[in-house]
Each structure stands twice: as structure tokens, then as C-alpha cells.
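One structure below.
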């Protein structure tokens with residue numbers, strides 16, 4: 001990400017496309033998520 005940030009500051013229009021991911025293991029239970037999280041009130 002640091003190189004892309006430098007190129008962006010120098011005027012390169014390349015977008016930052018990062019796919020967030022999350023994982024958690026709790027004993028024998030596991031959870032994995034990929035993508036953007038939604039929150040609803």
C-alpha cells in the first residue's frame with residue numbers, strides 16, 4: 001500500500017482496491033468473512 005500511496009501523491013490516478021477480510025477461531029468454532037460489512041441501526 002505504501003508504493004500506491006506514493007504514486008497517488010505524485011498524480012497517478014490508479015484506485016486503491018482492497019478487499020477486506022476477517023477471520024476468527026474460538027475453540028472448534030470458526031468464522032470467516034470477505035467483503036465490506038454492513039451495519040444497520
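Using the Cα atoms of the chain, I'd like the radius of gyration and the largest Cα-Cα distance, Dmax, both in angstrom.
16.3, 48
Once you have the Cα-Cα distance between residue 19 and residue 3, take 0.36 nm times their residue separation minus that, and quote the gain in nm to one decimal. Walk me through the numbers on the way to the answer.
Values: separation 16, 0.36 × 16 = 5.76 nm, distance 1.76 nm.
Roughly 4.0 nm would be gained on extension.
Bear in mind that the values in this text are calculations on the coordinates, not laboratory data. From a predicted model like this one, the values you see are computed outputs, not experimental measurements.
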